[in-house]
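One structure is given here, and the rest of the page talks about it.
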Amino acid sequence: MKLIVSSPPHWHSGSSEKIINLDFIIGLMPALIHSLYFFGMHAARVIALCVAVAILSEVVLKKIFKNNIGPFNGSAVYLGILFSMLLPPTSPYWLVIFGVFLSVFIGREIFGGIGSNPFSPVLVGMAILELSWPSHLNVNLSSVNYNLGFDFHSPLTALKSAGADFTSKFSLFELSIGNQVGGIGSVAIIFLFIGGIYLLARKVIRWEIPLFFALGVIGMAAIFRAIDPHSFALPWFHLLTGNVMIGMFFLSTDYSSSPFSNPGKIIFGLGCGVFTVLFRVLSVHEDGVIYAILIMNLFTPMLDKLVSGPKILKTGYFGRGIK
Amino acid sequence: MKKEIKFRQEYDEMMIGEIVLPEHIFLPITGSGDIGDLKVGDRINKYDEIFPGLISPVTGEIKEHLKMFIDGSESDVLKIAPVEDEGDNESDEGSDIPDESNEAILGKLKKSGYYLENIIESECDIVVSAVDTDPLCSVSQQILRENRKDLNKNFDLFKRIFNREKINFAVPEHLFDMVWKLQAQGVNVVKVIPDYPNGIPEILISSAFEKNSLKSPLYLKLEEFLNICNAAVTGRPNFKKVITLSDVNGMKNINVLKGTPLDHILKDSDIRSAGKVITGGPLRGSANFDLNTPVTIETDSVHVQYKKDIVRAVNDQCINCGRCNGHCPVNLSVNLITRYSEFSQFEKCRDMGVENCIECGLCSFYCPAGRSLVQLIRLAKSEINNLEGEIEQ
Ligand code: SF4
Ligand code: SF4
């Protein structure tokens, strides 16, 4: 009998990066289907382009960087879909290509690939696009070609330009089922929420970041609301608009750019929420989720120092067993 | 997930089967390796004292004196061909607590190979554990079930021999009902959730007995405890050892002679095409390269994997998912430690407390990248040891 030897452990849970990425993609499916239903071929075009460019850039860049660690495991597909969810349906193709390529290149591969990126790759690409071509990402302009049967003013634009009193015409129900203007997938609030619950149930992500992200948004918005109810919107309004929902479950939970320690995760999530509202209220930008998460990504190495340290086991044994 | 993977160590009552006497047994010679006048070809009798502390478990002829790897280190071994066991009459000496003096009992224990003076004199707290250490092992549970009636007698005897006010006793939660009455007689019974890795001695003593702040604890498996009690009554050691044999199809408990080679156990259960034979549990145990390796008191479980079930290392890039940290019972930052270890920064590993790792294997088990985390940790530990050795010199 020929025996095989190896060092322990001799079991493995069977989880793999492929399965994790597949789970992330499944988590985005409800929102993706919603976007196809709403925007039809326009959305399909953007999504397909994003995925294709993401895969292509990953293959090419891995060749160039001679990085053959981490073979194809679906992470590019996930990156592509996630990126497309943030774009308006009318995004010109060059913008999409450029954005996705930058996400893969500057967001990830330049740092050594999956697991090494200090920032969430999707957000790096998005932030560059938003700072360079804000007009092309203006969801209000891009939506004038549609007749969606509801007010197609982005709720956040309304808040910025007309103050909180104006926001009362958006019903929370309409907002949560996705009847608002925004990125093709990021507006599908309830569908993103379902996907997020799926991720939590599959233990792909942990609950700390999403929960404290939401608490951060609600808490900060409540403080502003208490100061002046006429100029600052309700906490629920903040929670159900813009990129908050997709940020909570999908953008901020990117493994390598978020802390792994549990106290770190709590502070990270809280920080994301607080900065989101601060950006919305105090800056010229309508939505601050992208910048809020990028800022908190900066703190990740520091937050990882918050681990409680090893549990020191009792030492000084008299012995184990009697020989 | 393969169906065999199960961390819950809660099993129904199972029969403990017997197997036939093996052709050869391998008797490890602990200590000096000095066997006096004995030489190859000599005949020894059951209960003969080979040297103080080593009693021959069979009557038979010494075939060979060789070296073998047992429980991770090389030791001297006698290969003995036993003749048919004429059966012993252990049971007819009553199992009541003997009224003899302590000297007489100690004499009996010595005759059985137990030299316990230093334990009796020391102040150490004694922990008896009926919690199995490995997944897919139900040895301690079965022994607890079989001996539940005699436990109170045995604890009394044990306390008398060791001159202790209190003995600590860890039992799995689901069997607590059987033994809670022992608390009335000075046994500190503690419930433990029977999930891997709660039964590992270091974890057990640190977590289950956290409140008791034990002084230099001595850990005893229930089986060893009962063997000592039995020897104190009968003056004879127990040469048998209960093991759990498991593979994908199931598990069973068998009572074998200590020193029985694994080969014999597999043949007896008709396992012919094993790929890996693991002693000590699938998460911490070692894969044996030699099927002559004998069963010792440490061997609680023998796990067989067939070729198609064997896990292969993948070793992808770490994606920083944090699963390893989340499952580590001692709360190490495994992902950072292993990356430092990968790039030979062993000092950093030490600063992060790598020596606290008990090598439970859970981090590797859960890692989606299939990284060899435990191997990297072992590398770091041994390198740190080497470094410290150099500094001392
Ligand atoms: S083997 Fe892994 S999980 Fe277990 S104690 Fe060591 S580092 Fe922690
Ligand atoms: S489980 Fe594996 S992939 Fe995840 S952080 Fe730990 S080492 Fe990295």
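The table below gives the values:
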item	result
Segment A:103-123 - residue that is crowded, with 24+ Cβ neighbours inside 10 Å and in a helix (DSSP H, G or I) and, of those, nearest to the other protein chains (Cβ to nearest Cβ)	A:Pro121
Qualifying residues in segment B:250-293 (those that are more than 17 Å from B:Ile5 (Cα to Cα), of a type in the set (Lys, Arg) and more than 8 Å from chain A (Cβ to nearest Cβ)) - the one surrounded by the fewest Cβ atoms within 10 Å (Cβ to Cβ)	B:Lys267
All positions within segment B:115-141 that are buried (at least 23 other Cβ atoms within 10 Å of the Cβ) and assigned to a helix (DSSP H, G or I)	B:Val139, B:Ser140, B:Gln141
Those residues of segment B:332-354 which are surrounded by fewer than 18 Cβ atoms within 10 Å (Cβ to Cβ) and either within 28 Å of the chain's Cα centre (by Cα) or within 12 Å of ligand 2 (Cβ to nearest atom) (or both), in sequence order	B:Glu342, B:Gly353
Segment B:351-393: number of residues that are among the polar types (S, T, N, Q) and away from chain A (no Cβ under 11 Å)	4
Residue pairs meeting the criteria (Cβ under 8 Å; at least 6 apart or on separate chains; first under 13 Å from B:Leu373 (Cα atoms) and more than 9 Å from chain A (Cβ to nearest Cβ), in segment B:328-350; second part of a loop (DSSP other than H, G, I, E, B) and more than 10 Å from ligand 1 (Cβ to nearest atom))	B:Ile337/B:Met352; B:Thr338/B:Cys318; B:Thr338/B:Arg371; B:Arg339/B:Cys318; B:Tyr340/B:Met352
Extreme residue, nearest to B:Ile243 (Cα to Cα), among residues of segment B:303-316 that are in a loop (DSSP other than H, G, I, E, B) and at the interface with chain A (Cβ under 7 Å from one of its Cβ atoms)	B:Ile310
Filter result for B:Gly322 (facing chain A (nearest Cβ under 7 Å), within 10 Å of ligand 1 (Cβ to nearest atom) and on the phi > 0 side of the Ramachandran plot)	no
Residue list for segment A:92-107, restricted to those being touching a helix residue (DSSP H, G or I) at 6+ places or on another chain (Cβ under 7 Å) and either among the aliphatic types (A, V, I, L, M) or over 23 Å from A:Asn297 (Cβ atoms) (or both)	A:Tyr93, A:Leu95, A:Val96, A:Ile97, A:Val100, A:Leu102, A:Val104, A:Ile106
Test: residue in segment B:294-302 that is facing another protein chain (nearest Cβ under 8 Å) and in a loop (DSSP other than H, G, I, E, B)	yes
Strands (runs of 3 or more DSSP E) (entirely within segment B:181-276) containing at least 1 residues that are more than 18 Å from B:Arg148 (Cα to Cα)	B:218-221, B:240-247, B:250-257
Answer from A:Leu137, A:Leu95, A:Leu82 - the residue that is part of a helix (DSSP H, G or I) and either under 19 Å from A:Ile293 (Cβ atoms) or of a type in the set (Gly, Ala, Ser) (or both)	A:Leu82
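Condition check ((1) at pLDDT 90 or above; (2) touching a Cys at 6+ places or on another chain (Cβ under 9 Å)) across all residues:
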site: A:Thr241; (1), (2): no, no
site: A:Val244; (1), (2): yes, no
site: A:Met248; (1), (2): yes, yes
site: A:His285; (1), (2): no, no
site: A:Gly288; (1), (2): no, no
site: A:Ile295; (1), (2): yes, yes
site: A:Asp304; (1), (2): no, no
site: A:Ser308; (1), (2): no, no
site: A:Lys314; (1), (2): no, no
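The values are calculated or read from the model by the stated rules, or taken from the named source; none is laboratory data. None of these values were measured; they are calculated from a predicted model. With ideal geometry, Cβ positions are generated from the backbone for all residues, glycine too; neighbour counts draw on all protein chains shown.
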